[in-house]
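Since every read-out is calculated from the coordinates, none of them should be taken as a lab result. On a predicted model such as this, the values are computed, not experimentally measured, just so you know. Every residue, glycine as well, gets a Cβ built from its backbone with ideal geometry; the counts of neighbours run over all protein chains shown.
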Amino acid sequence: MRRMMAAMPALILDGKIAAAAVLTELRPAIRDLDPQLVVVQVGDDPASASYIRQKMQSCKQVGMRHRHEHLPADTSADTLFRLIESLNADDDVTGFILQLPLPAHLQESVPLFLRSIEPAKDVDGFTAYNLGKVFLSTEYEHLPPATPAGVLLLLDHYHIPVQGKHAVIVGHSNIVGKPLSVMLLNRNATVTTCHIYTQDLAAHTRMADILCVAVGKPGLITADMVKHDAVVVDIGITRTDAGLKGDVDFGAVQEKAAAITPVPGGVGPMTVASLIRNCVHAAQRQRSS
Ligand code: NAD
């Protein structure tokens, strides 16, 4: 992707438009399969409440059955395990997610809660089984983690090629940075993954044809860290007094990049769209098994 003039601002990769296109494509399968998504929330984390509202709204918009299981903040680990077991066993529930973070007293058991989710219903793609399959190849990305999958759907929507490009990922969490690195590798990008211990971060980010940032530190990526005509995908979301902020200095970087995602309105809606897409894929696989 080349721009005509150096001063031309970047193409905005609009996640609302791309997500609407993904949802429109899913409508016939949703009508046919009638899947149901359940979102489990424990406590009242305000960011979680806002993400859940967006998920419920998108389900409504696309005509997918959805349910919000909202448990009080003092819910015990046993109660949560029992709810997960009942959702695993309920044939009318296609897929469910455990909205993270959990309240402090449950947080250390998150790996155990995730492990108890039936992989066929793990539409967030967080279980070891579904993450492991992502490592094999694109053909096994049946229920990939929703955010990395959303990033790739966004690049696809704007016809941004990945094969042979140098993709630099900043952030190596199990739910975003690591699986995104692997999924880009599956698509034949050359991938560099950076994290908090990376020395000279800028030396890496300046090499990126595609720069994806998932850290949660507003302003971490400044214009001097970005190559001219790079594609910049800002996954970070931080709530500040001035509203939601990404990790990239959007104003300065958009003057230099070929394409860039806004925050909000970039990767966020794509995460929701790929969650719904996973639920449809789960329904298809459950029907055929
Ligand atoms: P995390 O806290 O699990 O991981 C943060 C990563 O950033 C780690 O790999 C860490 O090593 C790295 N890091 C921290 N400081 C760094 C630095 N100075 N330089 C380089 N790397 C550094 O977070 P996460 O769950 O992966 O989420 C990351 C961000 O993405 C958060 O802002 C989160 O809110 C956002 N997020 C957005 C969506 C979405 O739909 N847009 C979905 C999930 C997460």
The chain, relative contact order in percent, only Cα pairs under 8 angstrom and at least six apart counted: 24 percent
Pairs of Cα atoms farther than 21 Å apart, segment 144-289, %: 40 percent
Using all alpha carbons of segment 106-171, what is the percent of pairwise distances in each 10 Å bin, ordered from the shortest bin to the longest? 19, 42, 29, 10, 0
How much mean residue ellipticity at 222 nm does the chain get from its helices, if each DSSP H run of length 4 or more adds -39500 (n - 2.57) and you divide by all residues, to the nearest 500 deg cm²/dmol? -12500 deg cm²/dmol
Cα-based Rg and Dmax for segment 245-289, in Å, come out at 16.5, 51
Calculate the radius of gyration of the Cα atoms of segment 68-110 to one decimal place, then report Dmax, the largest Cα-Cα distance, as a whole number, both in Å. 10.8, 31
What does the net charge come to around residue 73 if you take all other residues with beta carbon closer than 15 Å to its beta carbon, with K and R at +1 and D and E at -1? -4
Can you give the net charge of the other residues whose Cβ lies under 13 Å from the Cβ of residue 221, counting K and R as +1 and D and E as -1? +1
Length gained when the stretch residue 139-residue 158 is fully extended (0.36 nm per residue, less Cα-Cα span): 4.6 nm
Heads up, segment 98-212 by the C-alpha gyration tensor (a ≥ b ≥ c square roots of eigenvalues; a/c under 1.5 rounded, else a/b over b/c prolate, else oblate) looks oblate
The chain: mean projected area of Cα convex hull, nm²: 15.0 nm²
Calc'd 3J(HN,Hα), segment 123-129, phi into Karplus 6.51 cos²θ - 1.76 cosθ + 1.60 (θ = phi - 60°), Hz, glycine/Pro = x, comes to 7, 7, x, 9, 6, 4, 4
For the cross-link pairs 60/227; 55/217; 55/245, which exceed 31 Å when the distance is taken from alpha carbon to alpha carbon? 60/227
Label points 7 Å out from Cα along the Cβ direction at residue 202 and residue 53: separation in nm? 3.9 nm
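Report the full-extension gain for the segment residue 34 to residue 228: residue separation times 0.36 nm, less the Cα-Cα distance, to one decimal in nm.
The span from residue 34 to residue 228 would gain 65.3 nm if fully extended.
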Sorted peptide list for 142-152, 16-26, 68-78, criterion being average Cβ within 10 angstrom, highest first: 142-152, 16-26, 68-78
